[in-house]
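Novice: Got a structure here, written out as structure tokens. Questions coming.
Just so you know, all these numbers are worked out from the coordinates, no wet-lab data involved. Predicted model, so just to flag it, every value in this text is computed and none were measured. Here the Cβ is made from the backbone with ideal geometry for all residues, glycine too, and neighbour counts use every protein chain on show.
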Amino acid sequence: MSLRPPPRPTQPNDMEPNSQFAPRVLLAIDDLRLRRTNEASLRAAGFAVSAPSDADAVRILAESFSPDVLVVDSSMAGTDNRPLYQQLRTRTDSYLLCIDALGRDRARVEILRSGADDAVSVPVTPDEIAARCHALMRRPREIRADWDPVVQTTLTLGPLVVDTGRHEIRLDGHEIAATRIEFSLLEHLARHPTEVASRTELLEAVWGPHWVGDTHVVDVHL
């Protein structure tokens, strides 16, 4: 008889979130320290997180990263003299949580009236931000009547468009020819635009987990 205690049940915080299945958070916070702290807390809470440092990258990733929740500093500026969170609200149906750095009640009211799903003022702990993201994910989200499955398979990063439904690549509107392997590599990279991919990861994603051979085949196709 074994005297070892039974294994402890795995908790969400014990695992690095699987980016393919974990809910996704796009974090848009100007302050570097706060951004890193909240990014670490959200990852520990089971989210896949993208945390770009500028508004242009946030706008691109709002489409290509397909976030479930946007966590946005209300002071971040967009174009046309509008706050970034207002621009994002017109581009995506993702849950939107705004952080107001000045702690103004009136500002939070205006943020909510502008379409945000939740608003909170600093000081706020990273654990509370993660908890609020989980709470938003528990809300049922109405599916838009004009949802188009073809549109949902289109990955857009600036001038680059990867249409996974039609297996087409376009750059500035011009179609780019690619082999099946080249397309699969580009699709994987486009789905994880802020992550560094190793040769092993690319081999498993494109060639399969049982590939046997020279890993530099990845370099050749890239």
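Novice: Which FRET efficiency value, to the nearest 0.05, do you get for GLU201 and ARG106 by plugging their Cβ-Cβ distance into 1/(1 + (r/R0)^6) with R0 = 35 Å?
Specialist: Efficiency computed from Cβ-Cβ geometry: 0.15.
Novice: Take peptides 40-52, 84-96 and line them up by average Cβ neighbours within 10 Å, highest first, as a rough protection proxy.
Specialist: Averaged packing, sorted descending, gives the order 40-52, 84-96.
Novice: Once phi is turned into ³J(HN,Hα) by the Karplus curve 6.51 cos²θ - 1.76 cosθ + 1.60 with θ = phi - 60°, what whole-Hz value does each residue of region 83-88 show in order, with x for glycine and proline?
Specialist: For region 83-88, the Karplus curve yields x, 4, 5, 5, 5, 5 Hz.
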